[in-house]
Amino acid sequence: RELTFPFKRYQMQKCWRGERPQEGRFREFMQCDIDVVDQNEVSIEFDAELPAIIYEIARKLNLPAVRIHINNRKILQGFYEALGLDEAQIVEAIRIVDKLDKIYADGVSKSLKEELNLSDAQIESALSLAQIKTPDASFVEAVRALTSKTNTLLDEGLAELELVMTRLAHIPSGHVLADMGIARGFDYYTGTCLLYTSDAADEEDS
């Protein structure tokens with residue numbers, strides 16, 4: 001059968017974790033996948049369409065306090081490059097900053113200093129970036145205010161996330177945040193990354 005592109009599909013099925021599950025997580029669970037496949041390149045527009053779908057599903061299920069936190073790998077990588085970090089340091093810095101909600105700012109600062117030998121100014125900038133959270137596209141100005149340097153990757157990431165946030169402006173305030181503190185999974189994600197939270201559920205990556 002011939003497919004029409006962009007090809008969109010969803011599927012709900014049982015999944016099994018390959019690694020040892022963390023406390024409170026099951027090895028077997030149900031998962032809903034939403035995928036978009038296109039030829040040559042998938043439009044950034046779908047990075048806005050998918051979180052909108054997630055919001056609508058959660059709303060219809062009457063889940064309380066639904067929040068979708070969104071970041072872009074290119075912003076983190078481009079920003080750290082502007083700070084003078086090399087490729088290996090960037091990967092490790094992303095891993096360390098991902099622990100911010102577990103070891104807090106002091107722990108992250110200590111790890112960045114001891115493991116990567118970053119300067120106090122670099123550490124302060126990395127932490128300041130992670131604290132930026134906005135309900136709209138104002139994060140662009142906030143990020144640019146942290147560095148006098150820029151590069152193509154940072155510009156691309158800011159433009160992509162700005163488009164996503166603009167497309168999601170119809171969602172009621174408080175349900176979508178541009179969150180520069182989202183770093184998890186960025187060792188393999190290349191662009192937009194979501195973190196869905198709800199008072200009725202544990203955090204889930206997308």
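The values are calculated or read from the model by the stated rules, or taken from the named source; none is laboratory data. Given the structure is predicted, the values throughout are model-derived calculations rather than measurements. Here the Cβ is made from the backbone with ideal geometry for all residues, glycine too, and neighbour counts use every protein chain on show. We work out accessible area using only protein heavy atoms, side chains counted, and drop any ligands, DNA or RNA first. Shrake-Rupley method; radii C 1.70, N 1.55, O 1.52, S 1.80 Å.
Collect the residues in segment 3-46 that are within 20 Å of Glu160 (Cβ to Cβ), open to solvent by less than 100 Å² (accessible area, probe 1.4 Å) and without any contact (Cβ under 8 Å) to a residue 60 or more places away in the chain, keeping them in residue-number order.
Scanning segment 3-46 gives Pro6, Ile34, Asp35, Val36, Val37, Asp38, Val42, Ser43, Phe46.
Could you count how many residues in segment 69-89 are among the hydrophobic types (A, V, I, L, M, F, W, C), open to solvent by less than 60 Å² (accessible area, probe 1.4 Å) and either more than 23 Å from Glu160 (Cβ to Cβ) or more than 16 Å from the chain's Cα centre (by Cα) (or both)?
Qualifying residue count for the region: 3.
Considering each residue of segment 120-142, count those that are more than 21 Å from Thr190 (Cβ to Cβ) and in a helix (DSSP H, G or I), and give that number.
10
Matching residues to (1) farther than 22 Å from Val66 by Cβ; (2) of a type in the set (D, E, K, R); (3) over 10 Å from the mean Cα position of the chain (by Cα); (4) modelled with pLDDT of 95 or more:
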{"position": "Lys133", "(1), (2), (3), (4)": "no, yes, yes, yes"}
{"position": "Asn151", "(1), (2), (3), (4)": "yes, no, yes, no"}
{"position": "Ala183", "(1), (2), (3), (4)": "no, no, no, no"}
{"position": "Thr197", "(1), (2), (3), (4)": "no, no, yes, no"}
{"position": "Asp202", "(1), (2), (3), (4)": "no, yes, yes, no"}
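Looking only at segment 113-168, count every residue that is open to solvent by 60 Å² or more (accessible area, probe 1.4 Å), of a type in the set (S, T, N, Q) and closer than 21 Å to Asp98 by Cα and tell me the total.
2
Report every pair of residues separated by at least 6 positions or lying on different chains whose Cβ atoms are under 6 Å apart, first residue within segment 62-75 and more than 21 Å from Leu158 (Cα to Cα), second outside any strand (DSSP E or B).
Correct list of pairs: Leu63/Ala200; Pro64/Asp199; Pro64/Ala200; Ala65/Asp199; Val66/Ala58; Val66/His175.
Looking at the structure I just gave you, is Glu56 open to solvent by 20 Å² or more (accessible area, probe 1.4 Å) and within 30 Å of Phe7 (Cα to Cα)? Spell out the reasoning first.
Details: open to solvent by 20 Å² or more (accessible area, probe 1.4 Å): yes; within 30 Å of Phe7 (Cα to Cα): yes.
In short, yes.
For segment 169-181, name all the residues that are over 16 Å from the mean Cα position of the chain (by Cα) and buried (at least 17 other Cβ atoms within 10 Å of the Cβ).
Passing the criteria: only Ile171.
Within segment 143-152, can one find any residue that is closer than 17 Å to Arg73 by Cβ and in a helix (DSSP H, G or I)?
Among the residues of segment 143-152, at least one is closer than 17 Å to Arg73 by Cβ and in a helix (DSSP H, G or I), which makes the answer yes.
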